[in-house]
Amino acid sequence: MALRFVIIGGGPAGNTAATHAARLGATVTVIERDVIGGAAHLWDCIPSKTMIATGGAMSFTRRIQGMGLEQQVAEIDNDALAERIAGIKDRLQSGTTRLLHSQGVTMIAGFARFKSPNDIVVETKTGLVELTADKILIATGTRPRIPDWCQPDGERILTTRDCYPPKEFPEHITVIGSGVTGVEFVHMFSSFGAKVTLVVSRQQVLPGKDGDAAALLEEDFLRRGVKLLKGARATEIERTDEGVTVRCDDGRVVYSSHAVLAIGSVPNSDGLALDAAGVETDRSGYIEINRHCQSNVAHIYAAGDVSGKLPLSSVASMQGRKVAEHAMGLQTVAHRHLDYDKAASAIFTEPEIADVGLAEAEAFSLGRKIRVTKVPFSGTPKALINNDSRGFVKILSDPATGVVLGGSIVGRHAAELISVIALAVTANLKVTDIVESLLVHPALAEAIAEAAE
Ligand SMILES: Cc1cc2nc3c(=O)[nH]c(=O)nc-3n(C[C@H](O)[C@H](O)[C@H](O)COP(=O)(O)OP(=O)(O)OC[C@H]3O[C@@H](n4cnc5c(N)ncnc54)[C@H](O)[C@@H]3O)c2cc1C
């Protein structure tokens, strides 16, 4: 009999595991309470990047003068924008559903919980469905964290999920949280022409990211008129007749039309009745996993955001793939374990910020000897042609061997360009391998080759 593999959650982790396990011969069932594609399609990656792309087009119309054109300022059409976001989501969702169908995966719409280590109960619209599995994957993701000092209402006090697009476009929005999601929302709303105030709990945005990149982003925010409230923690948000009042721990108060919370996530592990399966979580509710993504119960895996590793769609998908291989016994000597330290990530601001592998600050704190080369885009012909020479490429390498250890790129198309350095980091390539690649001219990637010199 084929292995019975049940997957809870149809996001990137769940649906990738499902297609791979089915291809490898398992009988696969995916249980999803919302939509196949998961929060990634419904609330996170796709809608946020769609909004950012439209906002980017709008802000571009304010900058075209430098390119020898007359300035035209675009206006927001909220209904058309909502339709565009829904259209992209539907297309991706039906593509993923078709793929699962084509692999013979069974999909059940409903909310799953454990009955025992091998038995799952699903609450569906038409009643309870019971399933027995040989292997189970928990891929239930996370949801926005709501602190006890704030009650989002979906109108003025928003979570990130209320913004695609918001019911009413904010005239002035206060963004709480200056991590990746917070700065992307600052960029998004300011691109649409809203006045933005950002509450930054530390002295710089993007804690833990490349300091040069964070400084460049702050410069862009200030150029756009974004107000940065540094060293402040929001402690209260209150809805008033005119909008919202945000109070901070240092006594500062911000009055704005809207506020959005971007202060992290909590895992969707409650409600799964994990006790019935004996699966343990850490104190925050994330399911602890080993390098094969197994929980403390060997036949129960966890992947994606609920596993508390890097909260990235790309990482979730790769974990799903590795889970399928492990569950189907495809572990060979040559098997490559997932190396979370080598994951590329990007922040979709303007300029874009992308990085991979070892960071400069991390290398210094480890006392590790590295060679750092940094090349600004200002000398790159394609950047001048694009009328946008902001940003730089930075490459970190081992001074003894020349092996590329990491890098960061700030500038236009950084999220695409970082792939070159990501490949070098994953494949242990040397800086000379990049230098000797015959690249396109004129192209922004020439700055990468120059930084590798
Ligand atoms: C605003 C925002 C923007 C982001 N942008 C990016 C980006 O640009 N690039 C990137 O790589 N990452 C991005 N991320 C992160 C990315 O969205 C997540 O890493 C990714 O969605 C994780 O995938 P997952 O499969 O773990 O979970 P999810 O995509 O959250 O899917 C989990 C699914 O499980 C379902 N589920 C939960 N509990 C149950 C249950 N008991 N029964 C049945 N179904 C259940 C949920 O309905 C959900 O559909 C962003 C995150 C946010 C918040």
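The values are calculated or read from the model by the stated rules, or taken from the named source; none is laboratory data. For clarity, every value in this text was computed on a predicted model and none was experimentally measured. Positions of Cβ are backbone-derived with ideal geometry, glycine not excepted, and every protein chain shown enters the neighbour counts.
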(request) Being assigned to a loop (DSSP other than H, G, I, E, B) and within 18 Å of the chain's Cα centre (by Cα) is the filter; apply it to segment 162-185 and report the residue that is farthest from the ligand (Cβ to nearest atom). (result) SER178
(message) I'd like to check which strands (runs of 3 or more DSSP E) are fully inside segment 34-147 and have at least 2 residues that are at negative phi and within 27 Å of the chain's Cα centre (by Cα).
(response) 106-109, 111-116, 135-138, 142-144
(request) Could you please find all residues in segment 148-161 being of a type in the set (D, E, K, R), part of a loop (DSSP other than H, G, I, E, B) and touching a residue at least 12 places away in the same chain (Cβ under 8 Å)? (result) ASP153, GLU155, ARG156
(request) Of the numbered conditions (1) surrounded by fewer than 18 Cβ atoms within 10 Å (Cβ to Cβ); (2) away from the ligand (no atom under 16 Å from the Cβ); (3) farther than 26 Å from VAL186 by Cα; (4) not hydroxyl-bearing (Ser, Thr, Tyr), GLN294 fails exactly one; give the number of that condition. (result) (1)
(request) All but one of (1) more than 14 Å from the ligand (Cβ to nearest atom); (2) of a type in the set (Ser, Thr, Tyr); (3) in contact with a Lys or Arg (Cβ under 7 Å, 6 or more places away or on another chain) hold for SER265, so report the exception by its number. (result) (1)
(message) Looking at segment 1-16 only, could you name the residues that are hydrophobic (A, V, I, L, M, F, W, C) and either modelled with pLDDT under 95 or more than 9 Å from the ligand (Cβ to nearest atom) (or both)?
(response) MET1, ALA2, LEU3, PHE5, VAL6, ILE7
(request) Among the residues of segment 326-360, write down those that are in a helix (DSSP H, G or I) and either without any contact (Cβ under 8 Å) to a residue 40 or more places away in the chain or farther than 20 Å from LEU312 by Cβ (or both). (result) HIS326, ALA327, TYR340, ASP341, GLU360
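For segment 19-56, give me the residue count where each residue is within 11 Å of the ligand (Cβ to nearest atom) and touching a helix residue (DSSP H, G or I) at 6+ places or on another chain (Cβ under 9 Å). Explain how you work it out, then say what you get.
Residues of segment 19-56 that are within 11 Å of the ligand (Cβ to nearest atom), as a first pass: 30-52.
Pick out the ones that are also touching a helix residue (DSSP H, G or I) at 6+ places or on another chain (Cβ under 9 Å) and you get 30-32, 34-52.
Of the residues in that region, 22 qualify.
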(request) Report, by residue number, each residue of segment 409-444 that is out of contact with any helix residue (DSSP H, G or I) (no Cβ under 6 Å at 6 or more places or on another chain), outside any helix (DSSP H, G or I) and closer than 27 Å to GLU218 by Cα. (result) ARG412, HIS413
(message) Criterion first (within 24 Å of HIS41 (Cα to Cα), charged (D, E, K, R) and in a strand (DSSP E or B)) does ASP270 satisfy it?
(response) no
